[in-house]
Every structure is written in C-alpha cells, then in structure tokens.
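Here the structure comes first, spelled out in structure tokens, and everything after it is commentary.
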Amino acid sequence: MFEYLDHVFHTLWDHFCNANEPERYLGVSLRTEEEVALIRELGVALNAAGDEAPGDTDEEYLRAPSWPDVVAVAGRLAQVMVANDLQELAVLHNAEPSTGPRQETQG
C-alpha cells in the first residue's frame, strides 16, 4: 500500500517525535543520543527537500536535489534503531528466567 509522503512525515513528527526537539523523546520513542542526532539530521534533510518542493507533492520531493540525503540519513537511522532494538531484546531475553522443560536427575 502506497502512502503519501506528507502522511509519513506527519506520522513521524506528530506521533513518533519532533525533529526540532528530539531530545524530549529520549527514553520515550528514541533509545540513544545517536538516534536523537540522526532524527535531528533527518529533519534538516527533510526540510531542505521541502524547500526544493514548492508544490509539496511526492513527485517534487522525490526529484529534489537533497532527497538522496533524506534517504541516506533515514537508512542510517533505521540501521541504528534496529540494532538498538535487537540489543534491548537480547538483554531482555537474557534477563528472563528459563521457561524450558526442566530435566529431573535421578540419583
């Protein structure tokens, strides 16, 4: 299903965090200072692309000279967030008591 970029931007900024003040979301929707910095960088790149898309259409955004910067920052952010999520998942997994079948020893 295709989503309009405007909808994606509003979801990201209105429901996930604010690129102008990402520090407020540290510990809420952002895990690390690196994620905060990348969200801020993504906001700068998106604003630059928006300045190059006067009609605010998807086609203009995708043709904007700064759009490759948006894609590059978003890709780095996605890698960092996934790595952080996997690390947190591993910590949680290792902290949980074993729930596997218990083996009784006879002796």
Contact order normalised by residue count of the chain, Cα under 8 Å, 6+ apart, percent: 20
Determine by what factor the alpha-carbon radius of gyration of the stretch 18-93 differs from 2.2 N^0.38 Å, reporting the quotient. 1.27
Derived scalar couplings ³J(HN,Hα) [the stretch 76-90; Karplus, 6.51 cos²θ - 1.76 cosθ + 1.60; whole Hz; x for Gly, Pro]: 5, 4, 4, 4, 5, 5, 5, 4, 5, 5, 5, 5, 5, 4, 5
What ranking do Val70, Val44, Val36, Val82 get, fewest neighbouring Cβ atoms within 10 angstrom at the top? Val82, Val44, Val36, Val70
Taking the beta-carbon count within 10 Å as an exposure proxy, list Tyr25, Tyr61 from fewest neighbours to most. Tyr25, Tyr61
Name the most mobile residue of Arg63, Arg40, Arg31, meaning the one with the largest mean-square fluctuation, in a Gaussian network model of the chain with Cα contacts below 10 Å. Arg63
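Computed from the coordinates by the stated procedures, all read-outs in this text should not be read as laboratory data. Remember, predicted model here, so these are calculated numbers, not experimental data. Every residue, glycine among them, receives a Cβ derived from its backbone with ideal geometry; neighbour counts consider all protein chains shown.
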